[in-house]
Amino acid sequence: MNMLPNNPLLLTTLLLVGSNVFMTFAWYGHLKNLGHSPWYIAALISWGIALFEYMLQVPANRIGYGTMNLAQLKILQEVITLSVFVPFSIWYMHQPLKMDYLYAAVCLMAAVYFIFRA
């Protein structure tokens, strides 16, 4: 029984969301959890987390590239990155919510419009 969606755009998006969760923890989670550890310990742990990011990101990009062009794939990635990063920074890292997040989201939505329009 295959539980993966047949829609390449949906599958690409889901894999990129998962990839971005790992990426965000690899890039920024050590700031909270390993702040008192030597940098090389944080780098090694982050590298281990990043392996899981790439295990999702590489297939996502291969699947998506067959459906989208490279620019569309990149803009989708950036929108997902911001969509994962903002909740992470607010709830996990306890950073304040800023209007700049909304402004960035509006700019990304404009980018999505321009890159995906016919």
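The values are calculated or read from the model by the stated rules, or taken from the named source; none is laboratory data. All values reported here derive from a predicted model rather than from experimental measurement. Cβ coordinates were reconstructed from backbone atoms using ideal geometry, including for glycine residues, and neighbour counts include every protein chain displayed.
Any idea which residue in region 34-70 is nearest to the chain's Cα centre (by Cα), counting only those that are among the aromatic types (Phe, Trp, Tyr) and closer than 25 Å to Val112 by Cα? So that I can check it myself, show each step before the final result.
Here is the first cut: in region 34-70, the residues among the aromatic types (Phe, Trp, Tyr) are 39-40, 47, 52, 54, 65.
Restricting the remaining residues to those that are closer than 25 Å to Val112 by Cα gives 54, 65.
Values: Tyr54: 11, Tyr65: 17 Å.
Per the stated criteria, the residue is Tyr54.
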Legend entry - Search result, residues across region 1-38 that are touching a residue at least 24 places away in the same chain (Cβ under 8 Å) and over 28 Å from Ile75 (Cβ atoms): Lys32
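Residues checked against (1) surrounded by 14 or more Cβ atoms within 10 Å (Cβ to Cβ); (2) modelled with pLDDT of 95 or more:
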| residue | (1), (2) |
| --- | --- |
| Pro38 | no, yes |
| Trp47 | no, yes |
| Leu51 | no, yes |
| Ala60 | yes, yes |
| Ile63 | yes, yes |
| Gly66 | no, no |
| Phe88 | yes, yes |
| Cys107 | no, no |
Legend entry - Hits in region 1-36 - residues which are closer than 22 Å to Phe88 by Cα and part of a loop (DSSP other than H, G, I, E, B): Leu34, Gly35, His36
Inset, instruction - Taking Tyr101 as meeting all but one of (1) in contact with a helix residue (DSSP H, G or I) (Cβ under 7 Å, 6 or more places away or on another chain); (2) under 16 Å from Gly18 (Cβ atoms), write down the number of the exception. - result: (2)
Inset, instruction - Return only the number of the condition from (1) farther than 25 Å from Ile115 by Cα; (2) of a type outside the set (Val, Ile, Thr); (3) modelled with pLDDT under 95 that Leu31 does not satisfy. - result: (3)
Inset, instruction - Filter region 23-36 for residues that are among the aliphatic types (A, V, I, L, M) and surrounded by 13 or more Cβ atoms within 10 Å (Cβ to Cβ) and give the result. - result: Met23, Ala26, Leu34
Legend entry - Contacts under 6 angstrom Cβ, first residue in region 39-68 being over 17 Å from Val17 (Cβ atoms), partner not in a helix (DSSP H, G or I), 6 or more apart: Ala42/Leu34
